[in-house]
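The structure appears right after this line, and notes come after that.
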Amino acid sequence: MHDSLFQPLTMGALEARNRVFMAPLTRGRSTQPGSVPNEMMATYYRQRASAGLIISEATGISVEGLGWPAAPGIWSEEQVEGWKLVTDAVHEEGGLIVLQLWHMGRLVHPLFLGGNPPVSASATTAPGHAHTFEGRKDYEQAREATTEDINRIVEDYRHAAENAKKAGFDGVQLHGANGYLVDQFLRDSTNLRTDEYGGSPENRTRFLREVLTALVDVWGADRVGVRLSPNGETQGCDDSDPAATFGAAARVIEDLGIAFLELREPGPDGTFGATEVPKQSPLIRQIYSGPLILNSDYSPEDAVADIDAGRADAISWGRDFISNPDLPERFRLGAAIAPNENVPHSWYGRGPEGYVDYPMLIAQEQAAAE
């Protein structure tokens, strides 16, 4: 019934053994201080290594870019050594894992920056509240990035990509979605610039192009991916003409020959970020010729339909992978999918509860037989 999900997929130099991908999921379990990955994180990723591809949780490229309590980083040697625990665990299980590179831009609260303002495409303020070690705080106004800032941040991405290679990842994915820094440059509600990085869609994709070029310099285009969220508002980041903006972004990604593109596209009934804004994947599919991964509220039946129809090459799942470490096997057997509902408090906790304590299908069957 779900045979299409279990065909291999080539994405540049990456060979996925199935098309059930694990979406990036911020979980907040790194060791503090230092934002260092640890053995508990290695266990978590090992448990989910049957995914065709694991896209790691969003990982800060620098102190400036990381504003989420206990999220991991990739700027220090200690972090590199911590991530080796994770990549070794995944590879021992025959899995494939890429590191998602993250700069949060205006969504970093000054508490993470010694009181200094965050940096963004323009001097804007995000709506809502930041999660900090001191609880929820109102976001504060970002400062507009100078050209020198932009050049420095591009080099931070390059350094992070180099560290990801040292840590043993199979590639990297640029986080260009969900209202974070790359998205803040892409969309016209947050990019109010009048220089070469603002104005037209082509100018607003300049930062995206420069960052991707740096990642390609380190990894080669055949091991670099991108994540975008092209439809609807997210964390106060929106666009008046998503077709023009994300069509231009897709052309950049196509021009550079990037290995894969993941799109988070909620619909009007989406669990998170529901929107009436049309999905842009049909347009992007016409521009970007590489493997396209779609994400958001998929059932396995819907996934098969989109793959069979050529609308996608693979599907990534997030919350279902939290509560079902062996999600591909459950799909393959038509087994029950354990829900991940009413437990957001455990998503960002510090301990093993709601993280590494979800049972595998085999363990559940053994328990039922006893």
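Matching residues to (1) within 15 Å of the chain's Cα centre (by Cα); (2) surrounded by fewer than 18 Cβ atoms within 10 Å (Cβ to Cβ); (3) over 17 Å from MET104 (Cα atoms):
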residue	(1), (2), (3)
ASN178	yes, no, no
ASP183	yes, no, no
GLU196	no, yes, yes
PRO201	no, no, yes
PHE207	no, no, no
VAL224	yes, no, yes
THR234	yes, no, no
CYS237	no, no, no
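Can you find a residue that is without any contact (Cβ under 8 Å) to a residue 60 or more places away in the chain and farther than 25 Å from ALA70 by Cα anywhere in the stretch 341-358?
There is no residue in the stretch 341-358 that is without any contact (Cβ under 8 Å) to a residue 60 or more places away in the chain and farther than 25 Å from ALA70 by Cα.
Can you pull out the residues in the stretch 180-218 that are over 20 Å from ARG251 (Cα atoms) and part of a helix (DSSP H, G or I)?
The one that is over 20 Å from ARG251 (Cα atoms) and part of a helix (DSSP H, G or I): VAL218.
Residues checked against (1) over 21 Å from ASN295 (Cβ atoms); (2) assigned to a loop (DSSP other than H, G, I, E, B); (3) out of contact with any Gly (no Cβ under 8 Å at 6 or more places or on another chain):
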{"site": "LEU5", "(1), (2), (3)": "no, no, yes"}
{"site": "PHE21", "(1), (2), (3)": "no, no, no"}
{"site": "PRO24", "(1), (2), (3)": "no, yes, no"}
{"site": "ARG27", "(1), (2), (3)": "no, yes, yes"}
{"site": "THR43", "(1), (2), (3)": "yes, no, yes"}
{"site": "GLY52", "(1), (2), (3)": "no, yes, yes"}
{"site": "GLU57", "(1), (2), (3)": "no, no, yes"}
{"site": "GLU64", "(1), (2), (3)": "yes, yes, yes"}
{"site": "ALA71", "(1), (2), (3)": "no, yes, no"}
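Do any residues in the stretch 70-97 that are at positive phi have Cβ atoms under 8 Å from those of residues that are among the polar types (S, T, N, Q) and buried (at least 21 other Cβ atoms within 10 Å of the Cβ), where the two are at least six apart or on different chains, and which pairs are they?
ALA70/SER30; ALA70/SER35
Run ALA314 past the list (1) without any contact (Cβ under 8 Å) to a residue 60 or more places away in the chain; (2) under 27 Å from LEU283 (Cβ atoms); (3) of a type outside the set (S, T, N, Q) and report the number of the one that doesn't hold.
It fails just one condition, (1).
No value in this document is a laboratory result; all are computed from the given coordinates. If you're wondering where the values come from, they're calculated on a predicted model, not measured in any experiment. Every residue, glycine as well, gets a Cβ built from its backbone with ideal geometry; the counts of neighbours run over all protein chains shown.
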